[in-house]
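Read through the structure below, which is laid out as structure tokens, and then see the notes.
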Amino acid sequence: TTKVRRDIIQGNRFLWRIYDEWYQLLSGCVPGGSGGVLELGSGAGFLAQYIPGLISSEVFLCPGIQLVLDARRLPFSSGSLRGIVMVDVLHHIPDSHVFFEEAQRCLRPGGSIAMIEPWVSTWSRLIYTRLHHEPFDPDAKDWNFPSIGPLSGANGALPWMILARDRRKFDTEFPGLEIRVVRPFMPFRYLVSGGVSMRQLMPECTFRLWRSLESHVCAWPKHWSMFALIHLTRR
């Protein structure tokens, strides 16, 4: 499955340009200096082309991965990382409390967590609940969800729940992490690209047109967004 998805991303140039944009955003959040940079859920991606020395990881063995690990048990010493980066991973972690505790431990002061995740908006509620195969429950009472193995559970609304709806709770439980940026964006482009599981709806030549359309609605992110750039730093 990972190889198939890698081939889809490389072959769908509209989708490839979305990942290129995401990876530039993530790499821009990683500070310089000492310490490694860990990518969680590397899978079919190519973020290593943007961050030299990136440590790629997954929860299962697949081609191109350096480490097999669980985000809730990171095999790194305290203060040894300057960055943790990921795309569409947080909403798959069954116990995000433990992940943030581990991230807080492993990051050096000034280190960053940077991610692209699904986000809750008027538009995304419609799309994620009707056109997406993963669970999406913004009304869930807590941050946990059932899981019986790797990638077997998810809640696409989890990043919004943690960092928007329950932000005071997050600030209280993780005082060592500062929320620097939460930027909802991209309501249409991923959808019309077809992603890794649907048919591409628009040719690459329309990419700039769709980006321009999104720029006109970005003033209303609570209504028009499907993803968010999230950037946290270790105090």
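The values are calculated or read from the model by the stated rules, or taken from the named source; none is laboratory data. No experiment lies behind these values; they were computed from the predicted model shown. Neighbour counts run over all protein chains shown; Cβ positions are idealised from the backbone, glycine included. For accessibility, only protein heavy atoms count, side chains too; no ligands or nucleic acids. Shrake-Rupley method; radii C 1.70, N 1.55, O 1.52, S 1.80 Å.
Which is within 15 Å of Asp88 (Cβ to Cβ) and of a type in the set (A, V, I, L, M), of Val192, Val217, Val196?
Residue meeting the stated conditions: Val196.
Being touching a residue at least 40 places away in the same chain (Cβ under 8 Å), aromatic (Phe, Trp, Tyr) and closer than 14 Å to Lys222 by Cα is true for just one of Trp143, Trp160. Which residue is that?
Exactly one residue qualifies, and that residue is Trp160.
Going through the stretch 168-214 one residue at a time, which ones are modelled with pLDDT under 95, of a type in the set (Gly, Ala, Ser) and more than 15 Å from His132 (Cβ to Cβ)?
Answer for the stretch 168-214, where residues must be modelled with pLDDT under 95, of a type in the set (Gly, Ala, Ser) and more than 15 Å from His132 (Cβ to Cβ): there is none.
Among the listed residues Arg130, Arg180, Arg165, identify the single one that is touching a His at 6+ places or on another chain (Cβ under 9 Å) and within 30 Å of Ala219 (Cβ to Cβ).
The conditions single out Arg180.
Can you tell me how many residues in the stretch 97-118 are aliphatic (A, V, I, L, M) and open to solvent by 40 Å² or more (accessible area, probe 1.4 Å)?
Of the residues in that region, 1 qualify.
Of everything in the stretch 9-43 that's in contact with a Leu (Cβ under 7 Å, 6 or more places away or on another chain) and of a type in the set (Val, Ile, Thr), which residue is surrounded by the fewest Cβ atoms within 10 Å (Cβ to Cβ)?
Ile9
Return the residues of the stretch 193-233 that are assigned to a helix (DSSP H, G or I), more than 19 Å from the chain's Cα centre (by Cα) and not aromatic (Phe, Trp, Tyr); say none if nothing qualifies.
Glu204, Cys205, Thr206, Arg208, Leu209, Arg211, Ser212, Leu213, Glu214, Ser215, His216, Val217
Counting only residues that are basic (Lys, Arg) and surrounded by fewer than 17 Cβ atoms within 10 Å (Cβ to Cβ), which one in the stretch 160-206 is nearest to Asn12 (Cα to Cα)?
Checked the stretch 160-206; the qualifying residue nearest to Asn12 (Cα to Cα) is Arg199.
Within the stretch 183-197, is even one residue in contact with a strand residue (DSSP E or B) (Cβ under 8 Å, 6 or more places away or on another chain) and either among the hydroxyl-bearing types (Ser, Thr, Tyr) or under 22 Å from Gln104 (Cα atoms) (or both)?
Within the stretch 183-197 (the criterion being in contact with a strand residue (DSSP E or B) (Cβ under 8 Å, 6 or more places away or on another chain) and either among the hydroxyl-bearing types (Ser, Thr, Tyr) or under 22 Å from Gln104 (Cα atoms) (or both)), the answer is yes, since at least one residue qualifies.
Under 17 Å from the mean Cα position of the chain (by Cα), over 18 Å from Leu232 (Cβ atoms) and touching a residue at least 60 places away in the same chain (Cβ under 8 Å): which single residue out of Val59, Val87 fits that description?
The unique qualifying residue is Val59.
Yes or no: Tyr128 modelled with pLDDT of 95 or more and open to solvent by 30 Å² or more (accessible area, probe 1.4 Å)?
The answer is no for Tyr128.
Scan the stretch 57-87 for residues that are surrounded by fewer than 20 Cβ atoms within 10 Å (Cβ to Cβ) and within 24 Å of Asp20 (Cβ to Cβ) and jot them down.
Passing the criteria: Cys62, Pro63, Gly64, Ile65, Gln66.
Is there a residue being farther than 14 Å from Val120 by Cα, out of contact with any Gly (no Cβ under 7 Å at 6 or more places or on another chain) and not polar (S, T, N, Q) anywhere in the stretch 219-230?
yes
Suppose we filter the stretch 9-65 for residues that are part of a helix (DSSP H, G or I) and closer than 16 Å to His231 by Cβ; how many remain?
10
Of (1) under 15 Å from the mean Cα position of the chain (by Cα); (2) part of a loop (DSSP other than H, G, I, E, B); (3) within 22 Å of Pro221 (Cα to Cα), Ala154 satisfies all except one. Which?
If we test Ala154 against (1) under 15 Å from the mean Cα position of the chain (by Cα); (2) part of a loop (DSSP other than H, G, I, E, B); (3) within 22 Å of Pro221 (Cα to Cα), just (3) comes out false.
Filtering the stretch 1-52 down to residues that are over 21 Å from Phe185 (Cα atoms) and among the charged types (D, E, K, R), which residue is modelled with the lowest pLDDT?
Taking the candidates together, the pick is Lys3.
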